[in-house]
Amino acid sequence: MTDHSAEVRHHVEELNYLNNGWSWKSWLLTVDHKRIAILYLISITVFFVVGGIFAGLVRLELLTPQSDLLEPETYNKVFTLHGIVMIFFFLIPSVPATLGNFLVPIMIGAKDLAFPKINLLSWYLYVIAGLVGIVGIITGGVETGWTFYTPYSSTYSNGNVVTVAMAAFIAGFSSILTGLNFIVTIHKMRAPGLTWGRLPLFIWAHYATSLIQLLGTPVLAITLVLMMVERAFRVGFFDPALGGDPVLFQHLFWFYSHPAVYIMILPGMGVISEIVTCFSKKSVFGYPFIAGSSLAIAILGFFVWGHHMYVAGQSTYASLVFSLITFAVAVPSAVKVFNWTATMYKGSIRYETPMLYAMGFIGLFTIGGVTGVVCATMGIDLHIHDTYFIVAHFHYVMVGGMVMAFMGGLHFWWPKITGKMYDENWAKLSAALVFVGFNLTFFPQFILGYLGMPRRYAAYPEEFQVLHVLSTAGATVLAAGYLLPAFYFTDSILRGKKAPANPYNAKGLEWQIPSPPPTENFLTTPVVTEEVYAYAEAKEEKALV
Amino acid sequence: MSDAHVATVDQAHAHEAHVAHQFVNARQQYESGNLGMWLFLQTEIMFFGGMFAAYGVYRAWYPEAFKIASTATNVPLGAFNTVVLIVSSLTMALAVQSAQLGKQKRLVWMIILTMLFGAAFLGVKAIEYTEKWHHHHVPGPNFIWEKEGGREVQILYCLYFAMTGMHALHMVIGLGIMTWLLIAALKGRFSPSYYNPVEICGLYWHFVDIVWIFLFPLLYLI
């Protein structure tokens with residue numbers, strides 16, 4: 001085995017997926033899932049910066065109690081665009097379209113996704129959606145909040161609702177096609193010996209995510225279509241003045257958008273499972289439970305949407321059921337947290353950058369999850385609904401969870417993707433800044449919300465200023481933490497040390513091929529004979545040697 | 001580095017011409033293609049499902065208005081279109097069978113027939129829409145309803161146009177797909193060992209057909 005892989009490495013050293021063609025065409029018309037992952041990585045980074053600038057404007061405006069930097073209507077546009085850009089153009093594609101695209105075929109021993117051309121189409125749809133969105137922003141923006149609630153969006157808004165909603169609609173198809181590609185690939189293209197019980201947890205998480213993308217996104221698509229038709233032709237699907245039901249819009253919207261919250265966390269959980277087990281040098285604790293909990297979250301996640309409408313005129317009994325199911329969805333999430341900590345217990349932990357992000361994730365996601373249970377309680381929700389408590393809660397999950405996981409995963413697989421090592425010290429500093437900055441930004445918002453500060457307001461009473469200043473200061477630190485990788489990753493690409501095939505002694509098929517991988521991933525189809533995460537065996541082998 | 005042994009099995013299989021590079025063999029490609037289309041149809045069910053849910057809600061809210069409104073639809077034309085679509089599904093199924101059996105000529109004819117029936121459906125639909133336009137039954141500021149309950153009736157017409165419009169759009173896309181299929185069939189691309197695209201396009205065609213089977217009674221008959 002060893003001599004063979006050495007021979008393989010020698011053979012492909014000159015040619016890998018990165019240097020296999022330098023023309024624009026070889027990138028823009030590529031059907032290689034690895035190159036498409038890079039295309040996605042560049043485009044979502046652009047949108048992360050755009051969304052980050054909007055976030056910065058929001059935090060700057062909230063530095064003072066008066067509405068001074070931005071007009072209230074401009075402020076409404078800025079937070080709306082922050083939400084739309086970050087959700088549809090960054091968080092939803094973040095891990096699946098980049099790391100997932102790169103790793104799903106490799107981790108299962110396939111040469112590519114099942115439908116490479118459709119994969120490229122997904123990226124083009126994403127780019128077209130992005131351009132339509134930018135046109136919408138430049139020609140007036142939109143101030144409805146990312147939820148596009150009717151009848152405000154369909155009748156009263158002065159913003160460019162149709163264009164921006166169209167952007168979200170198109171982005172949705174990009175997401176559906178990615179999910180479809182993943183499910184077919186995972187079902188049909190696993191290497192011989194790679195049974196369902198041996199699939200990496202990253203794959204399980206992406207499988208669950210893809211199910212949600214496939215079943216949820218089309219409902220959002222048709223809902224946005226109906227809203228746009230209502231606005232364009234002045235008909236009344238949801239307009240109460242014309243006999244329609246505005247709460248029906250909310251039902252249909254959240255039928256997608258609550259499961260979408262799990263699109264924005266499940267892939268991150270998959271990343272964390274990989275990192276925790278690798279840097280604890282221990283087989284993951286309770287593999288079937290972590291895998292099963294991903295599916296449980298995906299399934300239960302479809303039946304909790306009503307918890308967004310406790311105060312929207314939904315029947316109390318419906319709310320009661322939604323509340324109970326929401327509590328239930330906390331169970332599989334907690335199962336994951338317990339299993340990760342149990343994996344770390346008595347492991348030989350190495351505190352390298354990905355592990356720092358993973359540990360940050362576990363802490364912050366736990367806070368985000370537990371406050372989620374608080375929000376799901378009907379009585380308490382009456383008090384905290386539409387306050388900063390909610391804002392803090394979902395940022396703990398989305399940013400403290402998903403963005404931390406994305407950063408962790410990006411650092412973890414960076415050597416594999418680029419073939420270069422990055423500067424560990426700078427990366428650790430960045431991880432620390434992100435953790436501190438994040439908590440400083442969002443923890444005060446829990447208190448603000450509990451004290452009654454409503455979300456989506458440009459001005460506020462003076463007694464809230466101290467907490468808002470803390471939050472804005474935290475956002476500055478957070479921004480610094482996110483900017484640092486731009487420098488040390490660039491440095492890594494230009495001057496970084498060459499990465500070995502397996503810099504962390506990790507398990508999994510992706511670490512058995514060269515860094516960066518050859519275009520065809522595997523020169524010959526691998527056959528898997530080992531259980532998943534066999535770190536204990538690896539240790540014993542070493543001891544014997 | 002111990003769990004990836006080298007398999008020489010699939011090297012023995014020479015890649016057949018129609019098997020794409022990412023697949024190990026024709027069977028894997030066939031199964032992937034079929035599963036992909038079935039999953040896509042799931043998303044389509046959810047897509048139309050949003051509108052069926054809205055229909056359910058408003059039907060429960062305004063049962064009387066919906067009853068009155070459906071009497072104003074053109075049932076004979078709707079029934080004719082239903083028959084046309086069912087026959088087109090038959091010709092589509094025969095097209096798949098022709099491809100499986102390698103009957104090239106019959107395959108081409110069945111695709112052409114399916115397209116003709118599809119076009120006929122769209123033509124009849126256009127007649128119906130024009131009729132609605134002349135009667136001011138198109139929702140919006142110009143909507144006029146002579147009898148009582150105009151506000152509620154308009155909701156049904158919103159749903160009527162959204163649902164049949166979305167269905168017609170799927171028919172138009174279907175005709176585009178069938179054109180591509182026809183060209184491929186004329187080039188003799190399909191054979192008993194490679195008929196997957198015909199089967200997949202057939203699945204799509206039948207799905208669009210089935211949507212209509214639900215739309216017709218809901219919008220015209222009850």
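Couple of notes before you dig in:
- Candidates A:THR80, A:THR74, A:THR64, filtered to the one that is polar (S, T, N, Q) and free of Cβ contacts under 8 Å to residues at least 12 places away in the same chain: A:THR74
- Of everything listed in (1) of a type outside the set (Asp, Glu); (2) crowded, with 20+ Cβ neighbours inside 10 Å; (3) touching a Gly at 6+ places or on another chain (Cβ under 7 Å); (4) more than 28 Å from B:GLN104 (Cβ to Cβ), the single unmet condition for B:TRP205 is (4).
- Which listed residue is among the aliphatic types (A, V, I, L, M), surrounded by 15 or more Cβ atoms within 10 Å (Cβ to Cβ) and modelled with pLDDT under 95, from A:ALA479, A:ALA475, A:ALA506: A:ALA506
- Of all residues in the stretch A:176-189 being within 24 Å of A:ILE272 (Cβ to Cβ) and not hydroxyl-bearing (Ser, Thr, Tyr), the one that is surrounded by the fewest Cβ atoms within 10 Å (Cβ to Cβ): A:ILE183
- Scan the stretch A:164-218 for residues that are among the β-branched types (Val, Ile, Thr) and not in a helix (DSSP H, G or I) and the total you get is 1.
- Count of residues meeting criterion [within 14 Å of another protein chain (Cβ to nearest Cβ) and in contact with an Asp or Glu (Cβ under 7 Å, 6 or more places away or on another chain)] in the stretch B:44-92: 3
- Meets criteria (buried (at least 18 other Cβ atoms within 10 Å of the Cβ), in contact (Cβ under 8 Å) with a residue 24 or more places away in the chain and closer than 30 Å to B:GLY149 by Cα) for B:ALA95: no
- Taking the conditions (1) over 24 Å from the mean Cα position of the chain (by Cα); (2) over 19 Å from A:ASP386 (Cα atoms); (3) assigned to a helix (DSSP H, G or I) in turn, A:GLY449 satisfies each one other than (2).
- Checking A:ALA501, A:ALA486, A:ALA534 one by one, the residue that is out of contact with any strand residue (DSSP E or B) (no Cβ under 8 Å at 6 or more places or on another chain), farther than 20 Å from A:GLY109 by Cα and small (Gly, Ala, Ser) is A:ALA486 and no other.
- Any hit, the stretch A:190-207, residues being on the phi < 0 side of the Ramachandran plot, more than 7 Å from chain B (Cβ to nearest Cβ), surrounded by fewer than 24 Cβ atoms within 10 Å (Cβ to Cβ) and of a type in the set (Ser, Thr, Tyr): yes
- Considering residues of the stretch A:208-234 that are over 21 Å from the mean Cα position of the chain (by Cα), of a type outside the set (Val, Ile, Thr) and surrounded by fewer than 23 Cβ atoms within 10 Å (Cβ to Cβ) only, the residue nearest to A:LEU125 (Cα to Cα): A:MET228
- The single residue among A:LEU120, A:LEU131 that is out of contact with any Phe, Trp or Tyr (no Cβ under 8 Å at 6 or more places or on another chain), within 30 Å of B:GLY36 (Cα to Cα) and free of Cβ contacts under 8 Å to residues at least 40 places away in the same chain turns out to be A:LEU131.
- Boolean, B:GLU128 is surrounded by 16 or more Cβ atoms within 10 Å (Cβ to Cβ), away from chain A (no Cβ under 14 Å) and modelled with pLDDT under 95: yes
The values are calculated or read from the model by the stated rules, or taken from the named source; none is laboratory data. If you're wondering where the values come from, they're calculated on a predicted model, not measured in any experiment. Positions of Cβ are generated from backbone atoms using ideal geometry, with glycine treated the same way; all protein chains shown enter the neighbour counts.
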